[in-house]
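Undergrad: Here it is, the structure in full.
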Amino acid sequence: MHFTFASPWFLLLLLLIPCFIWCRNYSRRFYFSKTAWAGTESPVFSADTWLKILAFSLMVTALAGPFVYESEGHATKKGRDLVLAIDASGSMAQSGFDEKDRFKTKYETTIALAKAFIEHRYDDNIGAVVFGTFAYTASPLTYDLKALSDLIGMTNEGIAGESTAIGDAIMQSLRTLSFGKAKQKVIILITDGYHNAGSHSPKEAVAEAKKQGVKIYTIGIGSKRDYDSGLLETIAKATGAKSYGALNADALKEVFSDIAALEPSQIRGENYLNKRLLIFLPILGAMLIILWLFWREEASA
């Protein structure tokens with residue numbers, strides 16, 4: 001278990017603590033007939049002063065955002081550039097792929113499992129390409145996994161046309177990968193159909209991928225008769241990757257798990273696990289002290 005602050009620069013406010021002792025408000029002069037009647041207590045030894053300092057310190061600590069976490073360590077960055085190329089053709093609107101929720105379309109299920117796949121890939125620079133009749137980049141390469149998840153969640157089947165341009169999907173994925181600097185580059189191509197559209201053939205796209213040293217994992221969605229399993233196997237084999245078939249949602253989940261094992265993602269920098277904010281503790285302490293000081297002042301009035 002480790003302890004740190006989310007915004008440690010707020011702790012600089014603690015440099016103002018000496019003002020509680022030396023930065024005194026201007027006071028009017030009072031005259032006493034006997035000096036014994038005048039107070040002689042120094043602010044340094046005043047309990048109220050130190051209670052105010054403690055309350056201030058606790059509020060500053062709360063602003064700094066204290067939290068505890070467990071860490072798997074500090075790993076050297078070993079990530080890869082990775083693009084998810086997801087088929088959004090009309091056939092992906094078919095339902096029944098997820099046996100637990102038969103009303104969900106193949107595309108909705110694929111997106112949900114893709115989100116789960118990228119959720120913990122802290123060390124990878126990930127982008128997404130959506131394709132149908134044409135292919136486009138839904139998200140450039142990014143380490144912001146939440147933003148990536150939101151962006152692919154806003155797509156839907158048919159958004160890129162009804163046909164299946166596998167060659168264009170690979171070429172667009174390669175263009176997306178060209179902005180990354182990692183040594184390892186991977187495409188995960190997910191489709192439920194046959195190549196029947198686009199300006200680039202799969203053969204041309206695979207040749208370019210091999211030239212750039214990019215692996216292409218292929219996943220066929222649904223029954224083998226629904227997609228070109230031979231083409232997907234050829235693409236994967238030619239680029240030194242692996243081809244899969246996923247008859248249903250459970251099988252697709254297993255495929256993503258297998259790819260995650262083949263292409264593991266290390267922790268990027270310092271990853272916080274089981275993070276627990278402790279802000280409420282200093283706030284509670286400061287409030288109790290302030291209430292106590294107010295009560296004392298009212299009681300002595």
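The values are calculated or read from the model by the stated rules, or taken from the named source; none is laboratory data. In this text the structure is predicted, and so the values were computed from the model without any measurement. Counting neighbours? That spans all protein chains shown, and the Cβs are built from the backbone with ideal geometry, glycine included.
Undergrad: Under 7 Å by Cβ, and 6 or more places apart or on different chains, what pairs join a residue from segment 200-213 that is free of Cβ contacts under 8 Å to residues at least 60 places away in the same chain with one that is part of a helix (DSSP H, G or I) and of a type in the set (Gly, Ala, Ser)?
TA: His200/Gly167; Ser201/Gly167; Pro202/Gly167; Glu204/Gly167; Ala205/Gly167; Val206/Ala238; Lys210/Ala238
Undergrad: In segment 182-192, what residues are crowded, with 17+ Cβ neighbours inside 10 Å and polar (S, T, N, Q)?
TA: The answer is Thr191, and nothing else.
Undergrad: Separate question: Inside segment 52-167, counting only strands (runs of 3 or more DSSP E) that do not spill past its ends, which hold 3 or more residues that are at pLDDT 95 or above?
TA: In segment 52-167, the matching strands (runs of 3 or more DSSP E) lie at 81-87, 125-131, 135-142.
Undergrad: Still on this structure, I have one more. Which of the residues spanning segment 193-220 are in contact with a Ser or Thr (Cβ under 7 Å, 6 or more places away or on another chain), buried (at least 18 other Cβ atoms within 10 Å of the Cβ) and either in a loop (DSSP other than H, G, I, E, B) or of a type in the set (S, T, N, Q) (or both)?
TA: Gly193, His195, Ala197, Thr218
Residues are listed down the side, and each one gets a yes or a no for (1) touching a helix residue (DSSP H, G or I) at 6+ places or on another chain (Cβ under 9 Å); (2) at pLDDT 90 or above:
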{"residue": "Gly245", "(1), (2)": "yes, yes"}
{"residue": "Ala251", "(1), (2)": "no, yes"}
{"residue": "Ser257", "(1), (2)": "yes, yes"}
{"residue": "Ala261", "(1), (2)": "no, yes"}
{"residue": "Gly269", "(1), (2)": "no, no"}
{"residue": "Tyr272", "(1), (2)": "no, no"}
{"residue": "Leu277", "(1), (2)": "no, no"}
{"residue": "Leu284", "(1), (2)": "yes, yes"}
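Undergrad: For the subset of segment 168-188 comprising residues that are of a type in the set (A, V, I, L, M) and more than 12 Å from Thr133 (Cβ to Cβ), which member is modelled with the lowest pLDDT?
TA: That would be Ala182.
Undergrad: Also, I was wondering about something else. When segment 101-121 is examined, which residues are found to be farther than 15 Å from Met154 by Cα and among the aliphatic types (A, V, I, L, M)?
TA: Ala116, Ile118
Undergrad: Take the residues in segment 1-37 that are closer than 15 Å to Leu63 by Cβ and aromatic (Phe, Trp, Tyr); name whichever of them is modelled with the lowest pLDDT.
TA: This residue is Phe5.
Undergrad: Of the residues Gly222, Gly167, which is at positive phi and not hydroxyl-bearing (Ser, Thr, Tyr)?
TA: Exactly one residue qualifies, and that residue is Gly222.
Undergrad: For Ser201, indicate whether it is more than 23 Å from Asn125 (Cα to Cα) and out of contact with any helix residue (DSSP H, G or I) (no Cβ under 7 Å at 6 or more places or on another chain).
TA: Judged against the criteria, Ser201 is not a match.
Undergrad: Under 7 Å between Cβ atoms, at least 6 apart or on separate chains: pull out the pairs that start in segment 148-171 with a residue that is closer than 16 Å to Lys106 by Cα and end on any residue that is among the acidic types (Asp, Glu).
TA: Listed pairs, sorted by first residue: Thr164/Asp87.
Undergrad: Report whether or not Ala147 is touching a Ser or Thr at 6+ places or on another chain (Cβ under 9 Å), over 13 Å from Asp87 (Cα atoms) and surrounded by fewer than 16 Cβ atoms within 10 Å (Cβ to Cβ).
TA: yes
Undergrad: Further question on the same structure: Looking only at residues that are part of a helix (DSSP H, G or I) and of a type in the set (Val, Ile, Thr) in segment 226-254, which one is farthest from the chain's Cα centre (by Cα)?
TA: So the residue we want is Thr234.
Undergrad: So which of Ser257, Ser223, Ser265 is in a loop (DSSP other than H, G, I, E, B) and closer than 23 Å to Gln184 by Cα?
TA: Ser265
Undergrad: Next up: I need the full set of residues from segment 153-171 which are more than 22 Å from Ser229 (Cβ to Cβ) and buried (at least 24 other Cβ atoms within 10 Å of the Cβ), in order please.
TA: Ala160
Undergrad: Has segment 225-243 got any residue that is at pLDDT 95 or above, on the phi > 0 side of the Ramachandran plot and surrounded by fewer than 19 Cβ atoms within 10 Å (Cβ to Cβ)?
TA: Yes: one or more hits.
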